[in-house]
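Undergrad: Sharing a structure with you now.
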Amino acid sequence: MEKLTDLLTQTTGLELFEAPGVEDYEKIGQTLTFSLGDGNYERPLNITRLTVHGDVPSSVLSAEGDKTSTTTLPNGSQLLTAVGKEGTRVTTLSKDGELTMWEAPATATATATATATATAYSTETLVGWATAVDEQGIKASSSPLLAARAAAPHCQLTQSRKPYRHGGDLTIQADAAMVCDQEGKGNFTASLRQYQGLGIWRTKDVQGYRNRHDRSFPVTLLFDCSRLTTSGWIYRSNIGNATLRNSNGYWGDHNVFSQTATIHCA
């Protein structure tokens, strides 16, 4: 885990926003997720690593309407790019089944201006990073890294029991917050994610605070779904990173998931 984490941060020059997430799925095995960025929560980069056996459905790695392309790298790995209104995904699949998906969600500005392919990182940049990491052939599996805890201060994490439709419209919403008993320098991120299969969750919205001095850190996660979608999708929210530090000590937690909800928008 540490070698892969170091490789990702050194290759991209980005920071690790939160401790890597580890989940175990029956018949799939273990998935690792890494959330990186450059200090601005409007520029997230999510990376998922898992080992697969057999073919991978393209629907897991791309969204409807994405422009996709596939190529074979010199070491025999397959590389798939998918670019669309939800952002850019670049996936490598090695000959021994190591799948690594790089996801740069569309920024809020890009969505508002209908610039479908605009993300914080260009496709060429993501392809370069993904290729460089794939060439190293580093395997990784581990338990989650535990955040250090101290007796004071203390914070409470809350979030919606599960994502839900907001009234009668097409907006899917989830709420999350960190509320502490003392003020301090806080970092808090939460995301709304949609399940694609094979243990892969696609980010639909991410909100948070970085180095904000306060004791309350609330966020609202939103995603507008389409009536053209005839089948329901599974959603959940995730509190990825939650820390508060002051002169009295440190409190931290990470990777707290809500229950899942199957939501139909048709």
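The values are calculated or read from the model by the stated rules, or taken from the named source; none is laboratory data. Everything numeric here is computed off the predicted structure, so don't read it as measured data. All Cβ positions, even for glycine, are placed from backbone atoms using ideal geometry, and neighbour counts span all protein chains on display. Accessible surface is based on the protein model in full, side chains and every heavy atom, while ligands, DNA and RNA are left aside. Shrake-Rupley method; radii C 1.70, N 1.55, O 1.52, S 1.80 Å.
Undergrad: Counting only the heavy atoms of the protein chains, how much of S94 is accessible to a 1.4 Å probe, in Å² to the nearest 10?
TA: 20 Å²
Undergrad: The chain: D in µm²/s via Stokes-Einstein (Kirkwood Rh, Cα pairs, 25 °C, 0.890 mPa s)?
TA: The Stokes-Einstein estimate is 128 µm²/s.
Undergrad: Another question, then. Over the stretch 205-266, what is the relative contact order in percent, taking alpha-carbon pairs closer than 8 angstrom and at least six residues apart?
TA: That works out to 35 percent.
Undergrad: Determine, for the chain, the count of lysine pairs separated by eight or more sequence positions (or lying on different chains) whose alpha-carbon distance falls under 21 Å.
TA: So the count of such lysine pairs works out to 9.
Undergrad: Would you mind finding the longest exposed-site-free stretch of the chain, with exposed trypsin sites (Lys or Arg not before Pro) meaning DSSP loop and at most 14 other Cβ atoms within 10 Å?
TA: Counting only loop sites that pass the neighbour cut-off, the longest clear stretch is 28-94.
Undergrad: Please arrange M1, M101 by accessible surface area, largest first, computed with a 1.4 Å probe and ligands excluded.
TA: Result, largest first: M1, M101.
Undergrad: Need the C-alpha centroid separation for the stretch 164-228 versus the stretch 44-68, integer Å.
TA: Comparing the Cα centres of the stretch 164-228 and the stretch 44-68, I get a distance of 22 Å.
Undergrad: Which cross-chain or sequence-distant (5 or more) residues have an amide H under 5 Å from the amide H of N241, H modelled 1.01 Å from N in plane?
TA: Result for N241 returns T189, N255.
Undergrad: R0 = 45 Å: FRET efficiency of T260 with N75, Cβ-based, nearest 0.05?
TA: Plugging the Cβ-Cβ distance into 1/(1 + (r/R0)^6) gives 0.75.
Undergrad: GluC sites (Glu not before Pro) within the stretch 19-109: which are DSSP loop residues with at most 16 other Cβ atoms inside 10 Å?
TA: Qualifying residues, ordered by number: E26, E42, E64.
Undergrad: At 222 nm, what value in deg cm²/dmol follows for the chain if DSSP H runs of at least 4 each add -39500 (n - 2.57) and the sum is divided by all its residues, to the nearest 500?
TA: -3500 deg cm²/dmol
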